Amino acid sequence: MSIHVNEKTGLFHLQTAHTSYIFRVLENGELGQVYYGAQLPVKDQYANLTSMEEHDCTNTLTDEQTDFQLELIKQEYASLGKGDYRAPAYQITGQNGSRITEFAYAGYELVDGKQRLADQPSSFDDDHHDSQTLTVKLVDQLLKLELHLNYTVFEGEDVIVRSATFLNHGEPLFINRAMSAELDLPDADYDFLQFAGSWARERHLHRNHLRPGSQSIESVRAHSSHQENPFFILARPHADNNQGEAFGFNFIYSGNFKDEVEVDQFDTARVLVGINPLEFGWRLGNGQSFQTPEAVLTYTDQGLNALSQQLGDFYDHHLLNPHFVNQERPILINNWEATFMDFTEDKLMPIVKRAKELGIEMFVLDDGWFGHRDDDHSSLGDWFTDEKKFNQGIGGFANRVHELGLKFGLWFEPEMISIDSKLYQAHPDWLIATPGRKQTPARHQFVLDMSRPEVVDYLVEKISAVISETKLDYIKWDMNRSITEMYGATLPADRQLEFAHRYILGVYRLYDRLTKAFPKVLFESCASGGGRFDLGMMYYAPQAWASDDTDAIERIKIQEGTSYGYRPNMWGAHVSAVPNDQVARLTSIDTRAKVAYFGDFGYELDITKLSAEEQETIKHQVAFYKQYRPLFQFGTFYRLETPDTNENVHGWEVVAKDKRQAIGARFQILNGANPAYIRYYFTGLDPQLTYRVNDDQETYSGAELMKAGYFVPRVMDRTQPEKAPADFYAHLFVVKAVD
Ligand code: GLA
């Protein structure tokens, strides 16, 4: 059993394989955090961890009970206004305008397994085999409001999932904020690892020590954003990929979020994860309930690789669509960077045919196949064939692709509308706009009000027809702008703050209906690249386009940053043309592929324009990836600690579960003059096994490869600088156990 409840002492001890999460009922009836970290034995009480001392100049519970001072107490779901001045987990406005609540413990429920949430993505344990769910009930008698704090323990993955539910049995009230999880840590000696950036520069790692006051990452764009990812880590300053303590936090949500860490006057750290309180509010009538999205918490004392790996296992077992978890993802070719919107069926067919000859498995037709879309001014919402480009309809083209033995994928941007479209002529009111205010376009396009059921119905009908007509295998679901002038035309004034959340619930409804109706279609989510790379999307679409930046060197940072919180098979990675479209950099086709192998591999260039030699190279790359695809897509991924201070060298490795195979990569950005001997230190191998590396005659023990390292020859070929440039060089080491 993983959840231990001591009713007498009011103690709840949640245990995973290696961690303990303990909280208790406090003297004021609310819940207090006791401990989260490496596993502790179960005891009746932890007096040592819950003792209190009176401090001057601080509010007390009563005149008599002066050592109970909320300001110093670690809590599970704190409010503001009763003597704790840190950021609260929630805030409710009652009928009389007061924001004071007094919740008191009112019992608990414990069940095996984990039910999915009804109207939003969530963790699950359909077979009830390795999780337990605890719901702790609290009641505010005055408001007649129930609060459920929900905890699921995923024992094997060392993950705890939290959320909160408000159930109103009284007068209508207003939820000003409702975070999904709070964690009060007893000290603040942590580095905050965030994954920040911009369009084409997503999820770069930034690591800073916590400082006094509040530090946060957030989005108010109505999508999780390119700028900040909802995933973050708190790690001890000395923790690195291989060792040390760290907490990981992620959020199963795709809309506005806020992750906050507040270091208070006593140097404790309060962590909050949830829907961004800015641009949020929810009117809760009598008999209504509000369920927050779920926050994912994990802890390890084994370093950041272990943290990423246990999260990856959790996603595989309890978040991603089981149909796709063990399914090898196809090698695709996407026409976007090859043709942009300038194509016809005749222009595309040679690319399709050549792709087949080179061993590629799926052709994905990107933006521009529908309405009369020749540039980004028109046609979003008109999900029917542009007959000028495909005279046999998109179904006819799909047939030709399928007949050649390739799978077929299509691009959609379901949530968008162009003014120049049939959809806008028919339903101008479906476009999100604030009455009397000017609209703010982005990429000449506008957003559909996904909170309206009729909009979702329209999209289900149109997209389903295309899926059926084309016998579609794959959808790239794009979303190319943030939302402005947020306003729900069908919502009353006192519900307008619900709009952003209702919008994303509408997106989830559309995803839910399409994925249920077409369970075999693989969805890849995309938002101008990585603008909605989050667990909410991953629940429906098991892979996401990592970034519009396909430059190999830029991708090293993007994919490495992403790997802290997500598994490599959750992102698409393509070889594109040079000079690169985003940075105009020249890199060899070899380096481009070696970076893209670590992901769902594909191509995004006009292969018919390449030299015969390059096409031959692609054929080999495709064959190589097919041979090692299970290792790249399902192996255990490691970031290597490379002995380099200038971020000039990066090392990645994937290791098979049985440790009999591994592939290591060493990426060198610039070639240095007269360097010392270079050694590559493998990780994750079996020290006792004997391995061969690439085609070496010599064999090595796992211990030797990990502890003594593997000699890497210096790159110094002056004769062919164009073909094999020494800068931007990638080494790949294929390691196999020898019997
Ligand atoms: C976004 C996507 C690209 C491509 C274009 C098409 O930018 O990220 O991959 O699909 O839209 O307009």
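Could you tell me the distance between the Cα centroids of segment 698-739 and segment 406-453, to the nearest Å? Rounded to whole Å, the Cα centres lie 50 Å apart. Charge tally for Asp127 (other residues, Cβ to Cβ under 12 Å; Lys, Arg +1; Asp, Glu -1): -3. Could you list the residues of segment 30-46 with an amide nitrogen less than 12 Å from a label point located 7 Å from the Cα of Asp67 in the Cα-to-C-beta direction? Flagged as within label range: none.
Taking every C-alpha pair closer than 8 Å and separated by at least 6 residues, the mean separation divided by the residue count of the chain gives a relative contact order of 10 percent. Put simply, the amide H of Ile3, placed in the peptide plane, has neighbours under 5 Å in Gln15, leaving out anything fewer than 5 places away on its chain. At a probe radius of 1.4 angstrom, the accessible area of segment 454-519 per residue rounds to 36 square angstrom.
With a cut-off of at most 12 other beta carbons within 10 Å, and DSSP calling the residue loop, which trypsin sites (Lys or Arg not before Pro) in segment 1-52 qualify? Please list them. Write down the numbers at each step before the final one.
Details: sites: Lys8, Arg24, Lys43; in loops: Lys8, Lys43.
For trypsin sites (Lys or Arg not before Pro) across segment 1-52 that sit outside H, G, I, E and B with at most 12 neighbouring Cβ atoms in 10 Å, the list reads Lys8.
Long-range amide H contacts for Leu31: which residues qualify at under 5 Å (H placed 1.01 Å from N, peptide plane, sequence gap of 5 or more or a different chain)? For Leu31, the qualifying residues are Leu26, Glu76, Tyr77.
Karplus-derived 3J(HN,Hα) values for segment 128-134, using 6.51 cos²θ - 1.76 cosθ + 1.60 with θ = phi - 60°, are 6, 9, 9, 8, 9, 10, 10 Hz; glycine and proline are entered as x. Here the chain has 49 percent of its accessible surface on carbon and sulfur atoms, given a 1.4 Å probe and all protein chains in place. Report note on the peptides 112-120, 648-656: ranked by the mean count of other C-beta atoms within 10 Å, highest first, their order is 648-656, 112-120. The mean of 1/r over all distinct Cα pairs in the chain, once inverted, gives the Kirkwood hydrodynamic radius of 27.3 Å. Would you work out which of His206, Thr339, Ser611 lies farthest towards the positive end of the dipole of the chain? Charges go on Cβ: Lys and Arg +1, Asp and Glu -1. Towards the positive end, the residue furthest out is Ser611.
Charged neighbours of Gly197, selected by a Cβ distance under 13 Å, balance to -2 (K, R count +1; D, E count -1). P(r) for segment 526-682, from all Cα pairs and a bin width of 5 Å, is 2, 8, 17, 20, 20, 17, 10, 4, 1, 0, 0 %, short bins first. Within the straight-line cut-off of under 27 Å between alpha carbons, the lysines reachable from Lys137 are Lys8, Lys43, Lys74, Lys82, Lys114, Lys258, sequence neighbours fewer than 8 places apart in one chain being disregarded. Other residues with beta-carbon under 9 Å from the beta-carbon of Ala239 carry, at +1 per Lys or Arg and -1 per Asp or Glu, a net charge of -3. In the full protein context, segment 639-738 carries 55 Å² of accessible surface per residue, based on a 1.4 Å probe and ignoring ligands, DNA and RNA. Once the C-beta distance of Val738 and Lys619 is scaled by a Förster radius of 30 Å, the resulting FRET efficiency is 0.55 to the nearest 0.05. Placing Arg639, Arg354 in order of accessible area, with the largest value first and a 1.4 Å probe, yields Arg354, Arg639.
Rounded to the nearest Å, what's the spacing between the alpha carbon centres of segment 121-175 and segment 39-90? Just the number, please. Measuring centre to centre over Cα atoms gives 22 Å. Charging the Cβ of each Asp and Glu at -1 and of each Lys and Arg at +1, and nothing else, the dipole of the chain about its Cα centre rounds to 1600 debye. Dividing the alpha-carbon radius of gyration of segment 639-738 by the rule-of-thumb value 2.2 N^0.38 Å gives 1.11.
Sparsely packed loop sites in segment 412-493 (the trypsin sites (Lys or Arg not before Pro) outside DSSP H, G, I, E and B with at most 15 other Cβ atoms within 10 Å) comprise Arg437, Lys438, Arg443, Lys471. Going 7 Å from the Cα of Asn48 in the Cα-to-Cβ direction, what parts of segment 60-82 have a backbone nitrogen less than 20 Å from that spot? Counting backbone N atoms under 20 Å from the label point, the list is 74.
I want to check a number: in segment 639-738, how many lysine pairs have alpha carbons closer than 18 Å, given a sequence separation of 8 or more or different chains?
Working: Lys657/Lys736; Lys659/Lys707; Lys659/Lys736; Lys707/Lys736.
Value for segment 639-738: 4.
Using 0.36 nm times the number of residues separating Phe290 and Glu698, minus their current alpha carbon distance, what extension gain do you get? Walk me through the numbers on the way to the answer.
Values: separation 408, 0.36 × 408 = 146.88 nm, distance 6.34 nm.
Additional length available on full extension: 140.5 nm.
Please report the relative contact order for segment 639-738, taking Cα pairs under 8 Å with a sequence separation of at least 6, and give it as a percent rounded to a whole number.
Values: 178 pairs, mean separation 33.1, N = 100.
Reported relative contact order: 33 percent.
Per residue of the chain, what 222 nm ellipticity follows from adding -39500 (n - 2.57) for every DSSP H run with n ≥ 4, rounded to the nearest 500? Kindly include the intermediate steps, with their values, before the conclusion.
Numbers: 13 runs with 143 residues, N = 739.
My calculation for the chain gives -6000 deg cm²/dmol from helical runs alone.
Sorting 389-395, 631-637, 517-523 by average packing, meaning the other beta carbons within 10 Å per residue, from highest down gives 631-637, 389-395, 517-523.
Using the Cβ-Cβ distance between Lys422 and Arg495 with R0 = 41 Å, the FRET efficiency computed as 1/(1 + (r/R0)^6) comes to roughly 0.85. Cα centroid separation, segment 465-541 to segment 211-226: 22 Å. For Phe124, the accessible surface of its heavy atoms amounts to roughly 10 Å² (probe 1.4 Å, protein chains only, rounded to the nearest 10).
The values are calculated or read from the model by the stated rules, or taken from the named source; none is laboratory data. This structure is a prediction, so every number in the text was calculated from the model and none was measured. For neighbour counting, all protein chains shown are included, and Cβ atoms are generated from backbone atoms with ideal geometry for every residue, glycine included. Note: areas computed on protein heavy atoms with side chains; ligands, DNA, RNA excluded. Shrake-Rupley method; radii C 1.70, N 1.55, O 1.52, S 1.80 Å.
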